[in-house]
Amino acid sequence: MNDQNPVIETQNLTKTYRMGAADVLALRGVDMRIGAGDFVALMGSSGSGKSTMMHLLGCLDTPTAGRYLLEGRDVGSLSAQERARVRNQRIGFIFQTFNLLPRLTALDNVALPLLYRAAGGQGDNGTSRIDHGAGSRATGKQSPRERALAALTRVGLADRAGHRPTQLSGGQRQRVAIARALVGDPALILADEPTGNLDSSTGGDIMRLLAELHAEGRTLLLVTHDRAVAEQAEYTLHMRDGRLLP
Amino acid sequence: MTFVNVLRTALSGIAANKLRTGLTMLGIIIGVASVIATLALGNGARAAVENSFRFLGSDQIQVSGQFTVEDGEPKPAGKLLSYEDGLTLPDAAPLIDRVEMTVRGSGKVRHGQTTLDMPFTGVDAGALTSMIADGKVQPVGWPAGDLLTSEAFLARGRFFTHSEVAAGAQVCVLGYKTADDLFLGDDPIGQTVWINRKPCEVIGVIAELETVDEQERTRSKPNETFYLPVSTAVQNLFENDPWVEITARVTDEARMDEAKTQIAAHLRLRHGIEQGNDGKWLDDFRLTTKKDILGVQQDAARTFSVLLAALAVVSLVVGGFGIMNVMLVSVTERTREIGVRMAVGARQQDVVLQFLLEAALLSLAGGLVGILVGILAIPLAASLNAGLALLDPASIPVALLVALATGIIFGLYPALRAARLDPIEALRYE
């Protein structure tokens, strides 16, 4: 673990939901550090708070209390618009159900994050970029489609660029989703049960691809309840009742 | 997100539901078609006035006598509008710098052994110009669209001068057929004809004329007539004072109403007109400007226009709610898509823009079809409004704007609803 430059650092991260009349304490003060280039699995049963944790780390939600530093920048108190920009530029999501847009081709799906980037400007995100070895492709001059094609090539699907999600197998869909997570050169890739909807052999392929990305120097956080999957990460963090187990 | 990408996204959203989209657009189509037809009615009325009253310039006031019909015969309502009334007008009404008078009658014209009885017109020196402006007749075979000149209206000689009109000179200009019938091919210029036993020198022959309107050609005989200076005609050809038509030119177009007041005051004084019990003047004359005629014609078109405009508003509102409905369904169906877009960095304004643009495109497409339908419906509208309907080119951008505005107004709520979705909830949506 690289303690000098943590990608993620949370301090006493707390989240309360209001459900009807009662407050539900989903996170009860989580302190978490994940270094650059780490491949971490986050495990826990349902209700443990791992989904809430992932939503907060993915800047999809804001904490009730505590701090969340992403690459040293406090992103816990950002506005919705600023969080959208962080998601766009620093975070890549991989979902259990792939979440590709059915009407777009694989290439357009992969290029989607870059399209939302075009208007907002690219180089103004304050935080320092971490050099990712093989990830540091020349990205400045390339068009979104060229970059999307490069990302598809990286996951081995360049020949499926024009296919729609319905024309692809489950494993191929997840590869497209991984390419979409990669294309923006994010600081953190969040994978939520990436093999949950795949058979074991295809799931194994996907895990190997994630391991390759880790080997290339990327930072990955894998949320899962499957011990076999978690074991392929560098190390595992466990959650229970809204707390990180020591 | 660049505009082109937003546009592509919106278009693919529309293309995904063609039937629903088409049905939704129906309201917009009817609404926009009604807008086109409404504006065509107003435009048609305006064009009709422009056509039938072209002789009346916007700086002119037409003064005419009032007539009542008794036993099928028109009778003057009071005193006749006389030549003297016109002559004294410029001095009495400071805003009037010139009047043109016309008197019509029928008389006998003789040369040698031939005597012809025909209608004539007593005119001012500017009568040829007025005839061109009126646009009812043209020289035979005149190419359509070519600019007419006073010269083109003359076969031989010349027309009256201002001094001839002022002096009541014994000169006349013959119609084409009249000259032919009297002189049998000889040159009539400089010859003397006898009009109601008074000698008159022929100074010109009008070119052979035909009515511009082809259906009028069998009835009208524009070549069997002759012209005299109005002064000469009034002095020589009538036993009693004839009634004249007066066209008064106003020095300042902005002061037409003031000029009308001056003319009315002058004529009321000369005709000894009194106020009725209700304080209204019992005028025996009528003052007409181009604006007045336009107003009357437009009143007629207005009733029908109001109906169409109401139809337009109702259809557009119905169409607007249709769009709102289809967009709400679309937002619900695509909740997960919205979640994905938000997860990869779409801001709220990106989502708003996407759905607004989709609604706008939907309504614009409806607008385009509506314009087509509206143009096709113009003949129908014309048949209900005395044939007066003419496509107003300006109505096309107006209709497109109306359609666009409908789409944006009614698309706003669904778009905002989409943008306010919680990305976490949206991603979980099944």
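A compact table of results
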read-out	value
Residue match in the stretch B:361-371 (condition: over 21 Å from A:Pro102 (Cβ atoms), more than 10 Å from chain A (Cβ to nearest Cβ) and among the polar types (S, T, N, Q))	yes
Residue check for B:Ile293: of a type outside the set (Gly, Ala, Ser) and either within 35 Å of the chain's Cα centre (by Cα) or not in a helix (DSSP H, G or I) (or both)	yes
Out of A:Arg83, A:Arg73, A:Arg117, sole residue that is at the interface with chain B (Cβ under 7 Å from one of its Cβ atoms) and at pLDDT below 95	A:Arg117
Residue count, the stretch A:50-97 (criterion: among the hydroxyl-bearing types (Ser, Thr, Tyr) and within 17 Å of the chain's Cα centre (by Cα))	5
In the stretch B:139-194, residue nearest to B:Gln113 (Cα to Cα) [restricted to those that are of a type in the set (Phe, Trp, Tyr) and surrounded by 19 or more Cβ atoms within 10 Å (Cβ to Cβ)]	B:Phe183
Residue identified as modelled with pLDDT under 95, in contact with a His (Cβ under 7 Å, 6 or more places away or on another chain) and away from chain B (no Cβ under 14 Å) among A:Gly37, A:Gly44	A:Gly44
Residues that are polar (S, T, N, Q) and at the interface with chain B (Cβ under 9 Å from one of its Cβ atoms), drawn from the stretch A:86-96	A:Asn88, A:Gln89
Complete set of residues in the stretch B:3-31 that are of a type outside the set (Val, Ile, Thr), within 14 Å of chain A (Cβ to nearest Cβ) and assigned to a helix (DSSP H, G or I)	B:Phe3, B:Asn5, B:Leu7, B:Arg8, B:Ala10, B:Leu11, B:Ser12, B:Gly13, B:Ala15, B:Lys18
Test: residue in the stretch A:221-244 that is among the polar types (S, T, N, Q) and in a helix (DSSP H, G or I)	no
Matching entry among B:Leu267, B:Leu287, B:Leu282, B:Leu307 (being modelled with pLDDT under 80 and not aromatic (Phe, Trp, Tyr))	B:Leu307
Single residue of B:Leu267, B:Leu311 found to be in contact (Cβ under 8 Å) with a residue 60 or more places away in the chain and under 30 Å from B:Leu26 (Cβ atoms)	B:Leu311
Criterion: over 19 Å from A:Arg90 (Cα atoms), in contact with a Gly (Cβ under 7 Å, 6 or more places away or on another chain) and not in a loop (DSSP other than H, G, I, E, B) - qualifying residue of A:Arg28, A:Arg67	A:Arg28
Boolean, B:Leu128 is over 22 Å from B:Ser220 (Cα atoms), in contact with a strand residue (DSSP E or B) (Cβ under 8 Å, 6 or more places away or on another chain), outside the structural domain of B:Ile396 (by TED's automatic domain parsing) and of a type in the set (A, V, I, L, M)	no
Any chance B:Asp278 is assigned by TED's automatic domain parsing to the domain that holds B:Ser82, farther than 28 Å from B:Gly44 by Cα and touching a Gly at 6+ places or on another chain (Cβ under 6 Å)	no
Selected residue (only one of B:Ala125, B:Ala144, B:Ala133 is within 30 Å of B:Ala259 (Cα to Cα) and in a loop (DSSP other than H, G, I, E, B))	B:Ala125
Sole residue being out of contact with any Gly (no Cβ under 7 Å at 6 or more places or on another chain), surrounded by 15 or more Cβ atoms within 10 Å (Cβ to Cβ) and under 18 Å from B:Gln262 (Cα atoms), chosen from B:Asp97, B:Asp85, B:Asp91	B:Asp85
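Here's the yes/no breakdown for (1) in contact with a Pro (Cβ under 6 Å, 6 or more places away or on another chain); (2) in contact (Cβ under 8 Å) with a residue 40 or more places away in the chain; (3) under 13 Å from A:Ile34 (Cα atoms):
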position: A:Gly203; (1), (2), (3): no, no, no
position: A:Leu210; (1), (2), (3): no, yes, no
position: A:Thr219; (1), (2), (3): no, yes, yes
position: A:Thr224; (1), (2), (3): no, yes, no
position: A:Val229; (1), (2), (3): no, yes, no
position: A:Thr236; (1), (2), (3): no, yes, yes
position: A:Met239; (1), (2), (3): no, yes, no
position: A:Gly242; (1), (2), (3): no, yes, no
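The values are calculated or read from the model by the stated rules, or taken from the named source; none is laboratory data. Everything numeric in this text was worked out from a predicted model, so none of it was measured. Here the Cβ is made from the backbone with ideal geometry for all residues, glycine too, and neighbour counts use every protein chain on show.
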